[in-house]
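Structure first, commentary second.
What follows draws every value from the coordinates through simple rules; no lab data is involved. It should be emphasised that the depicted structure is a prediction, and the values quoted were computed from it without experimental measurement. Note that we place each Cβ from the backbone using ideal geometry, even for glycine, and neighbour counts take in every protein chain shown.
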Amino acid sequence: MKKHTDPNNKKTLREKDDSLVSLSRKGLLELLQFLLISACAFTLQDFNLFATFPEHVKEILGCPPPAILTNIALTIYCISVMIPQCISLASDSRPIRTHNHLAYLVTFYLFYFISNALAANFVGVLVVGLIIYGLSQLSIWAHACRPVEDGNPAV
């Protein structure tokens with residue numbers, strides 16, 4: 001028995017594939033940018049920013065903020081990003097791009113750099129970034145591999 005194919009259904013499937021490919025490419029491009037910025041941060045991890053300032057500027061600025069505050073913020077950020085991504089992955093819902101993770105991760109590098117704790121916390125930011133981008137790509141891949149039932153794409 002020959003199955004009738006609906007041209008509108010093929011168009012819908014093509015649009016779904018194109019949007020997922022676009023979403024994946026944007027995520028991979030952002031991952032590449034994150035890795036390049038991480039390489040720059042790695043080269044600067046032993047640089048002491050406050051040692052370059054004159055004494056009167058150090059008195060005005062005060063001491064650098066403690067790294068524990070940035071650790072807490074990074075942990076909260078990681079959890080707040082991972083929970084919706086894991087829920088999306090488990091519920092087979094369509095992956096969406098919620099916000100720009102690159103800006104947040106670069107900000108964490110900057111906070112650690114300012115507090116002169118980048119050398120001790122570089123790997124933490126790198127791992128959090130890789131986990132976030134990995135979960136995002138996994139969510140896109142899992143949604144793209146979902147079977148099509150009754151000719152309707154699972155959206």
Using the Cα gyration tensor of the range 8-144, with a ≥ b ≥ c the square roots of its eigenvalues, what is the shape: rounded (a/c below 1.5), prolate (a/b larger than b/c) or oblate (neither)? prolate
Which value, in debye to the nearest 20, describes the size of the charge dipole of the range 8-144 about its Cα centre when Lys and Arg Cβ atoms bear +1, Asp and Glu Cβ atoms bear -1, and nothing else is charged? 660
Averaging sequence separations of C-alpha pairs under 8 Å and six or more residues apart, then dividing by the length of the range 8-144, give the relative contact order as a whole percent. 44
